[in-house]
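Worksheet: one structure, shown below.
Each value in this text was obtained by applying a stated rule to the coordinates, not by laboratory testing. Every value quoted in this text rests on a predicted model; they were computed, and no experiment measured them. Backbone-built Cβ (ideal geometry, glycine too); neighbour counts: all protein chains shown.
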Amino acid sequence: MTSPQISNQKRNKSLFYVTFLDGFRGVAALCVVWAHTQTIFGQRLDFNSFDYVGFYGVIMFFVLSAFLLTFRMLLDWEQYHEKKEKNNNYLESDVESEANFSNVPLLSSTNDHLEKSVDLDTNLSNVPPLSSTINDNITEIPSLGEKPVHFFYHYIRKRVWPKYQTPYYFRIPIIVIGYVEFARFGAFLTNHYFKKPAIGAWICRILANVIIVNVRTELLISSDERNLDFVNTDGSRHIFVTGSICAIWYREIIRLGLLPLSLEEENILDDKSNNCNTPIFIRSSFVQLIISKLPSRHQFARCFFDFGCYILVFLKICTLPHHAEVVFGEPRAYDIIIERKQLGGSLDAIIILCALLSRSGSFVKALSCDFLRFCGKISFSMYLLHPIAMTWVNDYMPFIGIKAAEKESSETEKGNFILDAVMMSFVGTIALAWIYFKCVERPSMNLTNYIAKRWLSVKPDINKH
C-alpha cells in the first residue's frame, strides 16, 4: 500500500519528465535558429564549426515528437483495454466469467513501479500535444527580398500539412496498436494452453521489437545517402522509427520495474526502513560506516546514466563536419552523413532514454532550466516565425548586421555588427514566438482540448445492460 507521502511525491515528480523534454525541444529550436542565422540569412560570424547544428535540431525534433506520440499512445491504448476489462468485469455477474486478460501484465495499473514514477493523469495532460510536435520540421525558406508577411502564409501552408513527415504520424497508431495487440495475442495463446500469459506476452513483445528494428534498418538502407535534403524528402522515415523504438523500450523498462528510484523517493524509502531487521553482523559501527559510504544500486544507476548523457552529447558534437575531420578522419565535405545515415537519430534517442533513466541527474537538471523550458514550450512558434524576425533585422535595422558591416573596414567592428544582428534575431524570434504562443497557439490548444473532453470522451453506460 502506497503511503500518502509517496503518493504526493509521485504526483510532484510526474512533471519532471515533461520539463526535461521541454528543455530538449528548446535546445533543438535554438539550434535551428542559430543555423539559419549563419547559413541562410547571411549573419555569418568568423567561426563556422556549428553551422550544421540546424540539421541536428531537426533530427532532435523528429525523434522527440515520435517518442512523445508513441509513448503517450501506448499508455492510452493500454488504459483503454484496462477500462474496457474493468467495465466488462463489473457487468458480468458470474465471477468465473472474468476475462483471461485480467491477469496479463500489460496494463499500466499492474506495475507498481510505474505508479511510483509516472502519474498517468497528470503526465499525459502535460505531454506536449500534437500541434506542438507534429509540425517541427524545416521547409525551404523564401528569399530575403520578400516581405515578412509572406513568410507567415508560406510557413503555415508548409507546416500545417507537411508533405513527407505527416504520413508517419498516421502510422504511429499502427505501430502502437499492432505492438500491444500482438502482445495480448501471445498472452492469450499461452494463457489458453499453459495458463501462463506473461510468457506469451513477453515473447511477442521481443518479436515485435525485432520486427520494428529491422524495418528501421531497411528504411535507413533504402534512403539515398547522396540526398542531404532529408527534410523535404522521405529520407527521415528511419529517424521517426528510431523515436518510436525509444518510446517502446522506455515503456518496457518501466513495466519491468527497472526504472531507478529518484533521490527523493529513495530517501523516503530509507526513512521507512526497519533497522531491527538488519542482520547482527551489520549492526556494528564499523560495518555500518562502510555500508553507508557505498552507493545504492539506484544511486549507481542514476550516476551511470547521467554520465552516459555527457558522453553521448560529446559523441554527437564530434559528428559535426569540422570536428569529425579531426576525430573520425572523415572528409570535411561529408556534411552529416554519420549523424543522419549511419546513426539516424540513434544518439538523440539514446540521450532521451539515458536522461529519463537518470531521473534527477545533473544533465536533466541542466536541460530543465527555465530558459530552455520556455523555449521548448514556444518551439513551434519559434520555428514558424524566426524568418520574419531575421528578415526584419536584416532589412529594417541598417545600424547593425550586414548593411552596417559593409560600411566598416575594421574586421573587429564587422564582427561586432554581425554579432549584434544575431543577438537581435534571437530576441526578435523569442518575442514573436511568445506573442504567437499566447494569442494563437495556446487558445487553439485549449479549444481543442475542450472539444476533445466534451465530445470525444465516451463514458461507459453501466445502466445500459
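With θ set to phi - 60°, apply the Karplus curve 6.51 cos²θ - 1.76 cosθ + 1.60 along the stretch 56-70 and write out the HN-Hα couplings as whole Hz, x wherever there is a Gly or Pro.
5, x, 5, 4, 4, 4, 4, 5, 5, 5, 5, 4, 5, 5, 5
Using a Förster radius of 51 Å, what is the FRET efficiency between Leu207 and Val427 based on their Cβ-Cβ separation? Nearest 0.05, please.
0.50
List the pairs from Lys365/Lys438; Lys83/Lys195; Lys377/Lys438 whose alpha-carbon separation is above 20 Å, in the order I gave them. Show your work: numbers first, answer last.
Details: Lys365/Lys438 26 Å; Lys83/Lys195 23 Å; Lys377/Lys438 11 Å.
Violating the 20 Å limit, Cα to Cα: Lys365/Lys438; Lys83/Lys195.
How much length would be gained if the chain were fully extended between Phe47 and Val313, taking 0.36 nm per residue of separation minus their Cα-Cα distance, in nm to one decimal?
So the extension gain works out to 93.7 nm.
State the extension gain, in nm to one decimal, for the chain segment bounded by Cys369 and Ala198, taking 0.36 nm per residue of separation less the distance between their alpha-carbons.
Extra length available between Cys369 and Ala198 comes to 57.5 nm.
Residue separation times 0.36 nm, minus the C-alpha to C-alpha distance between Glu413 and Phe304: what's the value?
Separation in residues times 0.36 nm, less the Cα-Cα distance, equals 34.6 nm.
Which of Ser410, Ser381 comes first, and how do the rest follow, when ranked by fewest Cβ neighbours within 10 Å? Spell out each step's value before the answer.
Working: Ser410 9, Ser381 24.
Lowest count first: Ser410, Ser381.
Cβ neighbours within 10 Å, averaged per peptide: list 52-62, 258-268, 244-254 in order, most packed at the top. Could you put the intermediate results ahead of the total?
Details: 52-62: 24.7, 258-268: 17.6, 244-254: 21.3.
Packing proxy ranking, top to bottom: 52-62, 244-254, 258-268.
Can you sort Glu78, Glu325 by how many other beta carbons sit within 10 Å, fewest first?
Arranged by neighbour count, lowest to highest, Glu78, Glu325 become Glu325, Glu78.
Quick check: pseudo-label points 7 Å beyond the Cα along Cα→Cβ at Ile451 and Thr166, how many nm apart are they?
With each label placed 7 Å out from Cα toward Cβ, I get 1.6 nm.
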